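Enquirer: Below: one structure in structure tokens.
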Amino acid sequence: GAVVSQHPSRVICKSGTSVKIECRSLDFQATTMFWYRQFPKQSLMLMATSNEGSKATYEQGVEKDKFLINHASLTLSTLTVTSAHPEDSSFYICRGSGGSKDTQYFGPGTRLTVL
Amino acid sequence: QKEVEQNSGPLSVPEGAIASLNCTYSDRVSQSFFWYRQYSGKSPELIMSIYSNGDKEDGRFTAQLNKASQYVSLLIRDSQPSDSATYLCAVTYFGNEKLTFGTGTRLTIIP
């Protein structure tokens, strides 16, 4: 099956720093990328949806200036957590879509810990 | 607000038995339904997708969809310890690829 990679898999940073998470579709063109956040023992919450070449659409309650999403190509989308704080510590997961219900693939996730 | 409901569990099932997981959804325009398995610390992996009423079988897994009653279930036959995980039900709506997830059911298979 198709593969979506995420980098880094785990990051620990100090409060106030910015962290960039990369999500790559390796063998299909991800026209849409979904970014999720999952806190311990909770379900996945959609943060934003990005389409290649256009601005991301953020879910209610998600600060677009804090969580910067770039989807400049059909194989790469990035999520930057700016000025991270301990409450941003979470598991961040991307999901790439090739435009049909049969081409939907999750990345392996990035564990962010903000000290 | 569109909602997807699951019993959070934990659900404990003896090895070799049938595990039954249930999910209800609130919006009648829900179109596609998915079951994901998530191991601790890992991202979800797709187990089954179902789009029309009835049963769909894949190996030890059977998904059942009843749109009139707005529920979708997953049966796992001959449960194995490796099936121990959190199972997430997810729904998409017509014309939209966004997945709305339930809270997940934690399943434990007892050897």
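The values are calculated or read from the model by the stated rules, or taken from the named source; none is laboratory data. Nothing here was measured: the structure is a model prediction, and the numbers come from that model. Positions of Cβ are generated from backbone atoms using ideal geometry, with glycine treated the same way; all protein chains shown enter the neighbour counts.
Enquirer: Inspect all residues belonging to the stretch A:70-79 and state whether any of them is surrounded by fewer than 17 Cβ atoms within 10 Å (Cβ to Cβ) and at positive phi.
Expert: Within the stretch A:70-79, not a single residue is surrounded by fewer than 17 Cβ atoms within 10 Å (Cβ to Cβ) and at positive phi.
Enquirer: Scan B:80, B:70, B:31 and give me the residue that is without any contact (Cβ under 8 Å) to a residue 60 or more places away in the chain, more than 20 Å from residue A:36 (Cα to Cα) and surrounded by fewer than 18 Cβ atoms within 10 Å (Cβ to Cβ).
Expert: From the options B:80, B:70, B:31, the qualifying one is B:70.
Enquirer: Before we move on, is residue B:28 in a loop (DSSP other than H, G, I, E, B), more than 9 Å from chain A (Cβ to nearest Cβ) and among the basic types (Lys, Arg)?
Expert: The answer is yes for residue B:28.
Enquirer: Across the stretch B:94-111, which residue is farthest from residue B:35 (Cα to Cα) among those that are buried (at least 16 other Cβ atoms within 10 Å of the Cβ) and more than 12 Å from every other protein chain (Cβ to nearest Cβ)?
Expert: Checking each candidate, the answer is B:109.
Enquirer: Next question, about the same structure. Here is a check on your reading of the model: is residue A:112 of a type outside the set (Phe, Trp, Tyr), touching a helix residue (DSSP H, G or I) at 6+ places or on another chain (Cβ under 9 Å) and more than 10 Å from chain B (Cβ to nearest Cβ)?
Expert: yes
Enquirer: Hey, among the residues in the stretch A:25-56 that are loosely packed, with under 13 Cβ neighbours inside 10 Å and within 14 Å of chain B (Cβ to nearest Cβ), which one's modelled with the highest pLDDT?
Expert: A:39
Enquirer: Residue A:114 fails exactly one of the following numbered conditions: (1) over 13 Å from the mean Cα position of the chain (by Cα); (2) within 26 Å of residue B:23 (Cβ to Cβ). What is the number of that condition?
Expert: (2)
Enquirer: If you don't mind, another one. In the stretch B:42-59, which residue that is within 12 Å of chain A (Cβ to nearest Cβ) and without any contact (Cβ under 8 Å) to a residue 12 or more places away in the chain is nearest to residue B:90 (Cα to Cα)?
Expert: Across the stretch B:42-59, the extreme among qualifying residues is B:45.
Enquirer: Could I ask something else about it? Out of the residues in the stretch B:63-86 that are more than 20 Å from residue B:9 (Cα to Cα) and part of a strand (DSSP E or B), state the one that is farthest from the chain's Cα centre (by Cα).
Expert: The qualifying residue farthest from the chain's Cα centre (by Cα) is B:66.
Enquirer: Testing residue A:77 on (1) within 14 Å of another protein chain (Cβ to nearest Cβ); (2) under 19 Å from residue B:99 (Cα atoms); (3) of a type outside the set (A, V, I, L, M), one condition comes back false. Which one is that?
Expert: Residue A:77 satisfies all of (1) within 14 Å of another protein chain (Cβ to nearest Cβ); (2) under 19 Å from residue B:99 (Cα atoms); (3) of a type outside the set (A, V, I, L, M) except (1).
Enquirer: Anything in the stretch B:3-20 that is within 16 Å of residue B:90 (Cβ to Cβ) and surrounded by 13 or more Cβ atoms within 10 Å (Cβ to Cβ)? List them, or say none.
Expert: Listed by number, the residues that qualify are B:4, B:5, B:6, B:7, B:8.
Enquirer: Which count do you get for residues in the stretch A:1-35 that are closer than 12 Å to residue A:75 by Cα, part of a strand (DSSP E or B) and of a type outside the set (A, V, I, L, M)?
Expert: 7
Enquirer: From the list A:98, A:16, pick out the single residue that is at pLDDT 95 or above and out of contact with any Asp or Glu (no Cβ under 8 Å at 6 or more places or on another chain).
Expert: A:16
Enquirer: Additional query: Between B:11, B:88, which is of a type outside the set (Asp, Glu) and away from chain A (no Cβ under 11 Å)?
Expert: Just one listed residue meets the conditions, B:11.
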